[in-house]
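Undergrad: Before I ask anything, here is the structure I am working with.
Every number in this text was worked out from the coordinates using simple rules, so none of it is lab data. Small disclaimer: the values here were computed from a predicted structure and weren't measured. Cβ atoms come from the backbone with ideal geometry, glycine included; neighbour counts cover every protein chain shown.
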């Protein structure tokens, strides 16, 4: 697969906005602990005080600095999204490429499992697991990945089926390359651009899920999370604190998800020229 | 039929079997997982909740979860709507579930219907009128909306329309304790429904719109559209009978793929507006650490989603007879 990245992506406003926001959020997640003026678990400030020069976004009902909380929450959400998306991508690529290449029984089993997993609401399983076992966020991210790989592996499988017939793969087979060798050395590296779409799309789902789980009160209460902040702040929405307490996590979450959505849509356009023509708003 | 095709197990039959197995697996997990927990989880679970259990209640719960009559009797219990007893709400789980279900079906079902209808219609019309300012703004606006999660739209609508403007109620599904005529009651339900419904429609609409538009743009270029035009058919007939029907397919297929993930948004929206559906029930059960309710809602609603998606598989076949042959996976 060949992608003319410079000519296509860099001219696309969606890509520019999306990657710009993504860079900001990654920077916040990496530098969060350094930027935070206070320890977000420190409960020694005057509860529900309005923004001031020391507390940029004020203090919440528990006496914690909201700005520091926000930085840690963004970091947790981004991390959760990345881990879950990478795990889903790994499973999806390996299973999809194997299903497409080996066909037959492997294909049938993998695709049937994929069909079923797509039909099971992941949030319900996550809620059940979280309510029973109170797992770490890492475990939850991996369970979520177990439900997100099917869409990736379907795309990868379809692409593998068309790559099967290409000359260089046939040449590799002629030279005696085995199935595992071809999947590992030819198919998996070849489809790299597809992974970026998958990664962005799955990061979107995972971040949304993390926020929702936090919002529903299923994550560890001491762990900072955007969803949890929104949930707490919503209890006080009738007070005059909504703009400094409720809005920041909401805006962060929206921008975060907008950023990965834009990236996913613009990458999809780059890789599918038919779609590019359709999306650009001009008839080629 | 003159030509009898040789019997082959169709994809649909295979799917029915797989889905039934999956449903069985989920029931089994719901049966086995609580029994797998180490230690006395009843005490652990309710120790951190506001609910205080009496000795007898605790013993009963423990008996419910250590019941050794086996998986078979658990399935029979489920089928008889015996899903346990909630000590947080002091009511059988099935009553709670069945009381909440209609509200969720109303909210989520209506949101899907509206967003499918409006998204489809707008997508077709916008694709038909290419390269105008309308198209550009619609597509950019919808792309942006696609990225905004339900939590944000929900809270924003609540703040603006309920808190600041005071146009709509901020919680509930009908006016409480009011003795109203049937029409006034329906009006009250609709009035309470506006904000949560708008939130969900705003979340579902962009996906449907963009998908319809993208497939319609490609359909318009197809040769049969030129033929239809050459025959002198009225534009509306070309657009819908010839074009849009083909743009409908990806919409329905993708709907099945997205449904399971879209449940999340509905849960969150119900909690934001305290809408008395399954999402709020689940939220309250989580707050109270009330396991029987969590277990019941999780299991039964997952089985329902599974059934809806399986039913959709048969709908595809009706909309597009080719699909049985064309779909490779």
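Undergrad: Given C-alpha coordinates of the stretch B:87-197, what is the ratio Rg to Rh with the Kirkwood estimate of Rh?
TA: 1.08
Undergrad: Based on the alpha carbons, how large is the Rg to Rh ratio for chain B when Rh follows Kirkwood?
TA: 1.05
Undergrad: If contacts are Cα pairs under 8 angstrom and at least 6 residues apart, what is the relative contact order of chain A in percent?
TA: 26
Undergrad: Show me, bin by bin at 5 Å from 0, the whole-percent P(r) of the stretch B:228-329 based on Cα pairs.
TA: That works out to 2, 10, 15, 15, 12, 11, 10, 9, 7, 4, 3, 1, 1, 0, in percent per bin.
Undergrad: In addition: For the stretch B:198-250, take the alpha-carbon Rg, divide it by the Kirkwood Rh, and send me Rg/Rh.
TA: On the Cα set of the stretch B:198-250, Rg over Rh gives 1.11.
Undergrad: So for the pair residue B:241, residue A:109, with labels modelled 7 Å out along Cα→Cβ, what separation do we get in nm?
TA: Label at residue B:241, label at residue A:109, 5.1 nm between them.
Undergrad: Going by how many other beta carbons lie within 10 Å of each one, how would you line up B:283, A:80, B:89, fewest first?
TA: Ordered by Cβ neighbours within 10 Å, fewest first: B:89, B:283, A:80.
Undergrad: P(r) for the protein assembly as shown: what percent of alpha-carbon pairs falls in each 10 Å bin, starting at zero?
TA: The calculated distribution, bin by bin, is 3, 14, 24, 27, 19, 9, 3, 0, 0.
Undergrad: Rounded, prolate or oblate, given the Cα gyration tensor of the stretch A:177-247, with a/c below 1.5 counting as rounded?
TA: prolate
Undergrad: Given a Förster distance of 22 Å, report the FRET efficiency between residue B:230 and residue B:131 from their Cβ-Cβ distance, rounded to the nearest 0.05.
TA: Between residue B:230 and residue B:131 the formula returns 0.45.
Undergrad: Just check the stretch A:154-284 against the gyration tensor rule for me: Cα atoms, a ≥ b ≥ c as the square roots of the eigenvalues, rounded for a/c under 1.5, and otherwise prolate or oblate depending on whether a/b exceeds b/c.
TA: It is oblate, given that a/c is not under 1.5 and a/b is not larger than b/c.
Undergrad: Here's a follow-up. Provide the descending list of Cα extents for the stretch B:176-224 along its principal axes, expressed in whole angstroms.
TA: Over the stretch B:176-224, Cα extents along the principal axes are 61, 21, 7 Å.
Undergrad: Please compute, for the alpha-carbon atoms of the stretch A:145-192, the extent along each of the three principal axes and give them in descending order in Å.
TA: Largest to smallest, the principal-axis extents are 38, 18, 15 Å.
Undergrad: Report the calculated FRET efficiency for residue B:160 and residue B:113 (r = Cβ-Cβ distance, R0 = 22 Å), to the nearest 0.05.
TA: 0.30
Undergrad: Rounded to the nearest whole Å³, what is the per residue volume of the convex hull around the Cα atoms of the stretch A:44-141?
TA: Here the figure is 131 Å³ per residue.
Undergrad: Could I ask something else about it? Starting from a Cα-only point model with no solvent, please compute log10 I(q)/I(0) by Debye for the stretch B:176-293 at q = 0.16, 0.24 1/Å.
TA: One equal scatterer on each Cα of the stretch B:176-293 leads to -0.89, -1.24.
Undergrad: Let me ask you something else. With a ≥ b ≥ c the root eigenvalues of the C-alpha gyration tensor of chain A, is it rounded (a/c under 1.5), prolate (a/b larger than b/c) or oblate?
TA: It is prolate, given that a/c is not under 1.5 and a/b is the larger ratio.
Undergrad: First measure r as the distance between the Cβ atoms of residue B:304 and residue B:182, then evaluate 1/(1 + (r/R0)^6) with R0 = 22 Å and state the FRET efficiency to the nearest 0.05.
TA: The calculated FRET efficiency here is 0.20.
Undergrad: Also: Find the Cα radius of gyration of the stretch A:89-198, compare it with 2.2 N^0.38 Å by division, and give the number to two decimals.
TA: Taking N as the residue count of the stretch A:89-198, the ratio is 1.24.
Undergrad: Here is a further query. What distance in nm lies between label points placed 7 Å from Cα along the C-beta direction at residue A:134 and residue B:37?
TA: 1.1
Undergrad: Continuing with this model, one more query. Find the centroid of the Cα atoms in the stretch A:201-246 and in the stretch B:181-256, then give the distance between the two in whole Å.
TA: One Cα centre to the other: 33 Å.
Undergrad: May I pose another question? So what's the back-of-envelope 222 nm ellipticity for chain A, counting only DSSP H runs of four-plus at -39500 (n - 2.57) apiece and dividing by all residues, rounded to 500?
TA: -23000 deg cm²/dmol
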